[in-house]
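Reviewing the structure listed below.
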């Protein structure tokens, strides 16, 4: 079975290789073809196909996806799960089309942004890319831009060595309510804080950090201890957010909705700030110090509330799904259980599908 180098194998040849070839040797040959064609470049394929199950009888040696039925990581989606996933994918595509159209109408859709939007796989990734172009309410950064401070913010954000006092002094303008150097720098920091809060890299890093290392803290509302006594287990409670059981999370959310509890979700603040600085700080000078201050403000005022809202929504969704799954399982057991009325020996039981006698389906209750 000889083919010229680079020629495509036939279906029969591929099947023969799959069944009879040594796996390690086959992988080595395939890698040789890849290197001859692409050098050291490596490519990854991320499939967005909806796979209803990973249980497979063929058990191909080259496939890392399949699992044996009953193994720990085997899964089979229910019809409802398939429906929900399809609906989720449709919503992502609808949102993608809207965002592309909106940014194009603004005249800001460059090829790089268009490529990123088309490659985004989740709603969160789409929203992060859209954030800088989304219509905003009037913010501190908006006010600073109106005062003509955006050029100053850009110069500082570059983190080059410069005399900040002298530079900021050029932007003093009493008519625009910029009275001194500190007001000019404060306005520049407000603009930089908004840029930081809209940075896709920063948001992605923090989203993972909040979910991976976030701590859910719950406290009682002072003065309502007696009214909310049924929630006393959560008056001073904390647990890693990824480990909170669904029933516990839903109970705390009910207590918060009824104004008896207060919930906070966040990772260690120092870890979050260090992660942001690693992404954004490129120098050690007075400009970088201004950026560091903007990072702290952007995290506390803009990013932490935003990330906490996302995690709340995600964990609530997961808890609801788990609660529904448990309810369905319990209801199924209840509906499939034999009648609790009992049947006398020798009588046909109404709960038996085949009309078997009582001895075969349920013992007499008396």
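The values are calculated or read from the model by the stated rules, or taken from the named source; none is laboratory data. Note that the coordinates shown come from a computational prediction; the quantities given were computed from them, not determined experimentally. Every residue, glycine among them, receives a Cβ derived from its backbone with ideal geometry; neighbour counts consider all protein chains shown.
When region 127-136 is filtered for residues that are part of a helix (DSSP H, G or I) and either at pLDDT below 90 or farther than 17 Å from residue 190 by Cα (or both), the ones remaining, listed by number, are 127, 128, 129, 130, 133.
Of the residues 308, 258, which is touching a residue at least 24 places away in the same chain (Cβ under 8 Å), over 20 Å from the mean Cα position of the chain (by Cα) and closer than 28 Å to residue 224 by Cα? Being touching a residue at least 24 places away in the same chain (Cβ under 8 Å), over 20 Å from the mean Cα position of the chain (by Cα) and closer than 28 Å to residue 224 by Cα holds for just one of 308, 258, which is 258.
If we scan region 190-213, do we find a residue that is in the same structural domain as residue 284 (by TED's automatic domain parsing) and touching a strand residue (DSSP E or B) at 6+ places or on another chain (Cβ under 7 Å)? Scanning region 190-213, I find no residue that is in the same structural domain as residue 284 (by TED's automatic domain parsing) and touching a strand residue (DSSP E or B) at 6+ places or on another chain (Cβ under 7 Å), so the answer is no.
Total residues in region 270-294 satisfying the condition of being assigned to a helix (DSSP H, G or I) and closer than 17 Å to residue 193 by Cβ: the figure is 15.
All of (1) more than 14 Å from the chain's Cα centre (by Cα); (2) assigned to a helix (DSSP H, G or I); (3) crowded, with 21+ Cβ neighbours inside 10 Å hold for residue 206 with one exception: (1). If you check residue 322 against the conditions, is it at pLDDT below 95, touching a helix residue (DSSP H, G or I) at 6+ places or on another chain (Cβ under 6 Å) and assigned to a loop (DSSP other than H, G, I, E, B)? Considered against the rule, which asks whether it is at pLDDT below 95, touching a helix residue (DSSP H, G or I) at 6+ places or on another chain (Cβ under 6 Å) and assigned to a loop (DSSP other than H, G, I, E, B), residue 322 comes out as no. Please state which one of 300, 317 is modelled with pLDDT of 95 or more, under 32 Å from the mean Cα position of the chain (by Cα) and within 30 Å of residue 235 (Cβ to Cβ). The unique qualifying residue is 300. Taken together, the residues in region 137-171 that are within 31 Å of the chain's Cα centre (by Cα) and part of a helix (DSSP H, G or I) amount to 6.
Scanning region 38-50 for any residue that is modelled with pLDDT under 85, under 27 Å from the mean Cα position of the chain (by Cα), assigned to a loop (DSSP other than H, G, I, E, B) and surrounded by 10 or more Cβ atoms within 10 Å (Cβ to Cβ) turns up at least one such residue.
Got at least one residue in region 219-235 being touching a helix residue (DSSP H, G or I) at 6+ places or on another chain (Cβ under 7 Å) and part of a helix (DSSP H, G or I)? Yes, the conditions are met somewhere in region 219-235.
Scanning region 236-253 for residues that are touching a strand residue (DSSP E or B) at 6+ places or on another chain (Cβ under 6 Å) and in a helix (DSSP H, G or I) turns up 241, 252. Tallying residues that are under 21 Å from residue 318 (Cβ atoms) and in a loop (DSSP other than H, G, I, E, B) within region 51-81 yields 9. Here residue 135 clears all of (1) out of contact with any helix residue (DSSP H, G or I) (no Cβ under 8 Å at 6 or more places or on another chain); (2) more than 26 Å from residue 304 (Cα to Cα) except the condition numbered (2).
Among the residues of region 108-123, none qualifies, meaning not one is in contact with a strand residue (DSSP E or B) (Cβ under 6 Å, 6 or more places away or on another chain) and surrounded by 14 or more Cβ atoms within 10 Å (Cβ to Cβ).
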